[in-house]
Amino acid sequence: MKDYKGLVRKAVAGVTMAAALAVPTMASTAEDTIKIGLIDPLSGPFANVGDLGVKTFGYLAERINADGGVLGRDIEIVPFDNKGSAQESLQNLKEAADDGIHYVTQGLGSHVGGALIDGVEKHNRRNPDNRIIYLNFAAVDPAFTNEQCSFWHFRFDANSAMKMKVITDVMAEQKDIKKVFLINQDYSHGQYISKAGKEMLAEKRPDIEIVGDVLHPLGKVKDFAPYISEIKSSGADAVISGNWGNDLALLVKAGAQAGLDVDYYTYYAALVGAPRALGKAAAGKVKIVTEFQENLAVDRDADELTEIVETFGDRYAPFDFTVLRIKTELDMLVKAMEKAGSTDPLAVAKAMEGMSLDTAMGTATMRAQDHQLIQPLFISTLSEKYKKYDAEGTGLGWVMDSEIPADETAVASSCEMERP
């Protein structure tokens with residue numbers, strides 16, 4: 001396999017990925033591999049999260065290749081640095097198409113996800129002999145599997161509506177929650193959380209008072225102290241935030257420094273950098289809704305997953321293996337290719353529709369109507385009393401509070417998909 005760290009360094013330095021990938025890997029040439037273009041930020045304020053994605057995809061591809069690959073071919077991960085820009089991502093998409101890449105994956109930012117759905121649709125209409133599938137592992141705007149749904153888009157993360165449904169169901173049962181403050185990034189993902197959080201809480205717990213609702217610039221705030229001061233002044237006892245990357249890490253770090261005593265209900269507090277930023281003051285205070293956290297592998301007695309957690313952690317410390325849906329994405333792609341007996345995007349897309357996959361966390365199903373993965377979700381709390389694995393060497397680990405079965409996470413879809 002290629003040196004993924006080297007590829008990232010070259011991408012950040014501005015070297016074209018085509019040049020970076022001209023070197024053969026193992027006994028195969030690049031033309032022999034099934035390429036997956038990974039379009040995410042490898043420079044800028046979210047580079048650390050993008051780097052985690054490159055490492056996770058590369059590591060899991062290595063495991064698939066060591067097990068014989070798919071249809072006799074290896075999987076090759078080709079990183080592209082989109083610098084967090086939707087426009088740059090469309091240029092990356094063009095470069096991927098020119099390089100003969102038929103599968104692209106992305107997760108960091110629904111502003112990018114929306115652009116890629118539109119870009120892939122246009123590309124496939126113009127190039128029916130060179131089609132591309134977009135595999136989405138973390139861009140969670142509900143529109144992507146509703147009014148903006150596409151046959152060529154498959155989402156492997158629970159969307160914002162599904163996660164907010166779970167969060168507000170849990171919060172509604174906590175009678176000590178009286179005042180809630182929402183703080184989110186000012187783009188489609190954060191805007192949706194702001195809207196849906198208020199609506200769902202009003203329906204489930206009309207006695208809860210929304211004492212703040214802030215949207216801040218994406219990736220540009222260096223000091224969250226003024227926002228923390230606003231939260232403290234509001235008297236909030238719980239915060240809902242869909243922030244990710246440094247926008248979450250800096251938020252919770254500022255809260256800890258200011259002694260803010262609230263429960264945080266988050267989407268991405270397990271992502272790289274956040275646990276270290278939280279520190280000991282976060283024990284018992286920070287919660288996530290997610291398809292996986294490391295100690296669930298212990299809860300499930302999942303030997304393969306435990307091995308992945310440990311070997312990945314040994315190789316890439318202080319990075320942890322936190323994004324199981326990337327494994328689900330690759331495993332389902334392999335299964336669809338084997339079912340289709342082909343790597344042709346149209347055949348693979350048809351095979352993936354309605355497909356179910358048994359994972360260590362339970363059965364995951366790619367809903368045919370809208371290409372939204374339906375899978376179990378978990379609410380977990382960062383705690384000093386964890387079973388085995390701490391997060392980023394902090395001495396705090398994730399402890400499951402509740403499991404939400406797959407069918408209870410699903411929300412209705414308005415998708416009316418056009419199929420080729």
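The values are calculated or read from the model by the stated rules, or taken from the named source; none is laboratory data. This one's a predicted model, so the numbers in the text were calculated from it and none came from an experiment. Counting neighbours? That spans all protein chains shown, and the Cβs are built from the backbone with ideal geometry, glycine included. Calculation scope for accessible area: heavy atoms of the full protein, side chains included, ligands and nucleic acids excluded. Shrake-Rupley method; radii C 1.70, N 1.55, O 1.52, S 1.80 Å.
Sort HIS216, HIS102 from largest to smallest accessible area, using a 1.4 Å probe on the heavy atoms of the protein chains.
If we order HIS216, HIS102 from most to least accessible, we get HIS102, HIS216.
Apply 1/(1 + (r/R0)^6) to the Cβ-Cβ distance of VAL298 and ALA258, taking R0 = 35 Å, and write down the FRET efficiency to the nearest 0.05.
That pair, VAL298 with ALA258, gives E of 0.55.
Among LEU373, THR343, ALA391, whose Cα sits farthest toward the positive end of the charge dipole of the range 295-420 (+1 at Cβ of Lys/Arg, -1 at Cβ of Asp/Glu, about the Cα centre)?
THR343
Keeping all protein chains in position, work out how much accessible area GLU338 exposes to a 1.4 Å probe, and write it in Å² to the nearest 10.
Solvent-accessible area, nearest 10 Å²: 100 Å².
Sort the chain into rounded, prolate or oblate with this rule: let a ≥ b ≥ c be the square roots of the eigenvalues of the Cα gyration tensor; rounded if a/c is under 1.5, and if a/c is not under 1.5, prolate when a/b is larger than b/c, oblate otherwise.
Prolate.
Which value, in Å² rounded to 10, gives the accessible area of THR343 with a 1.4 Å probe and all protein chains present?
THR343 exposes around 40 Å² with every protein chain in place.
For GLU173 paired with VAL214, estimate the spin-label separation in nm (one decimal), with each label point 7 Å from Cα along the Cα-to-Cβ line.
Output for this residue pair reads 3.0 nm.
With respect to the cross-link table entries LYS55/LYS222; LYS220/LYS335; LYS222/LYS287; LYS83/LYS339; LYS94/LYS335; LYS204/LYS387, which display a Cα-Cα separation exceeding 29 Å?
LYS220/LYS335; LYS83/LYS339; LYS204/LYS387
Can you tell me the length gained on complete extension of the stretch GLU62 to LYS280, counting 0.36 nm per residue apart and subtracting the Cα distance?
Values: separation 218, 0.36 × 218 = 78.48 nm, distance 3.51 nm.
Taking 0.36 nm per residue and subtracting the Cα distance, the gain is 75.0 nm.
Please compute the modelled spin-label separation between LYS387 and ARG315, points set 7 Å along Cα→Cβ, answer in nm with one decimal.
Rounded to a tenth, the inter-label distance reads 2.4 nm.
Can you give the accessible area of SER342, probe radius 1.4 Å, in Å² rounded to 10?
30 Å²
Which value in deg cm²/dmol, rounded to the nearest 500, describes the helix-derived mean residue ellipticity at 222 nm for the chain, given -39,500 (n - 2.57) per DSSP H run of n ≥ 4 and division by the residue count?
On the way: 15 runs with 169 residues, N = 420.
Calculated at 222 nm, the ellipticity per residue is -12500 deg cm²/dmol.
Per residue, what accessible area does the chain have, given a 1.4 Å probe and all protein chains present, in Å²?
Result: 38 Å² of accessible area for each residue.
Checking the a/c ratio against 1.5 first, then a/b against b/c, what shape does the Cα gyration tensor give for the range 36-169?
Here the range 36-169 falls in the rounded category.
Pull up all non-local amide H partners of TYR264: gap of 5 or more, or a different chain, and H-to-H distance under 5 Å with H placed in the peptide plane.
Placed amide hydrogens put VAL239, VAL286, LYS287 under 5 Å from TYR264.
Rounded to the nearest 5, what % of the DSSP beta bridges within the chain are antiparallel ones?
Counting only bridges with both partners in the chain, antiparallel ones make up about 35 percent.
Do any of LYS280/LYS385; LYS178/LYS198; LYS175/LYS198; LYS285/LYS327 go past 19 Å between their Cα atoms, and which?
LYS285/LYS327
Assign unit charges at the C-beta atoms only (+1 for Lys and Arg, -1 for Asp and Glu), then state the dipole size of the chain relative to its Cα centre in Debye, rounded to the nearest 20.
That gives a dipole near 720 debye.
Carbon and sulfur together cover what percent of the accessible area of the range 270-385 at a 1.4 Å probe radius? Could the numbers behind the result be given before it?
Values: 1860 of 3960 Å².
The computed percentage sits at 47.
For labels at LYS222 and ASP207 in the simple 7 Å Cα→Cβ model, what's the distance in nm?
4.5 nm
Decide, for the range 144-261, between rounded, prolate and oblate: order the square roots of the alpha carbon gyration tensor eigenvalues as a ≥ b ≥ c, take rounded if a/c falls under 1.5, and otherwise choose prolate if a/b is larger than b/c, else oblate.
Cα axes put the range 144-261 in the oblate bin.
With r as the distance between the Cβ atoms of LYS94 and ASP129 and R0 = 22 Å, compute the FRET efficiency 1/(1 + (r/R0)^6) and round to 0.05.
Efficiency at R0 = 22 Å is approximately 0.85.
Round to a whole angstrom and tell me the spacing of the C-alpha centers of the range 188-245 and the range 298-334.
For the range 188-245 versus the range 298-334, the Cα centre distance is 31 Å.
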